[in-house]
Amino acid sequence: MIQADQDAWASHLAEYSALRSEINTRISLQHQVLALHMTAVSVVLSVALSGKSRWPVLLVIPFIAYTSSEILASLFRTVEGIAKYIDEELNPRVPGGLGWESWLVHQKPASEVQKMTHPYYLLFPGISIVSLLAVFSFVWSGRVSGHQPAGSFWMVISACPFAAVFTVLSFKAIRRLRAPF
């Protein structure tokens, strides 16, 4: 083996190390987004449950779910792109290959049912659907009893379509993930 080959492999391994570090950073950011999402939803739920007149705040949850799911999807796409680059560009240049990235790129769920049962569907669009159903039940119970304040009723009625759109968008963001689930 000549010195030029050894230097080339060393540079490829250094590039691989830097890219793996970037992947680890993105995975850490994914965990932070999940923690922040669950914290924000918990705060909104606790505010909504703290008083009878605070239930319209539940309409914030679909927006939180949408933004969190889009950020998470972006981080997943970045990790996937880096892994694909390592698998297609660096792997052939290093004797023996590199391994993990080819595993990640080739992982796919066994079935559509398996993909649809992933907890991310509960964490993002699922919690949005629950909050929308809760808001609709509060609106309906207020209309039935006749004690619904006019201002909050019309605010909720006008905000519900936006919340529903954010719910659908968070579902689409999670569907676009190609992570191994």
For segment 32-43, in residue order, the Karplus 3J(HN,Hα) values (coefficients 6.51, -1.76, 1.60; θ = phi - 60°; whole Hz; Gly and Pro = x) are 5, 5, 4, 5, 5, 4, 5, 5, 5, 5, 5, 5
Scan around Val94 for amide H atoms under 5 Å from its own, H built in the peptide plane at 1.01 Å from N, and keep only partners 5 or more places away or cross-chain. none
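Could you give the dipole magnitude of segment 2-102 about its Cα centre, charging the beta-carbon of Lys and Arg +1 and that of Asp and Glu -1, in debye to the nearest 20?
On the way: 7 positive and 10 negative charges, 174 e Å.
Dipole of segment 2-102, to the nearest 20 debye: 840 debye.
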Quick check: residue separation of Met116 and Ser21 times 0.36 nm, minus the Cα distance between them. What number comes out in nm? 31.2 nm
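We did not get these values from a lab; they are worked out from the coordinates using the rules stated. Remember, it's a predicted structure, so these values are computed and weren't measured experimentally. Every residue, glycine as well, gets a Cβ built from its backbone with ideal geometry; the counts of neighbours run over all protein chains shown.
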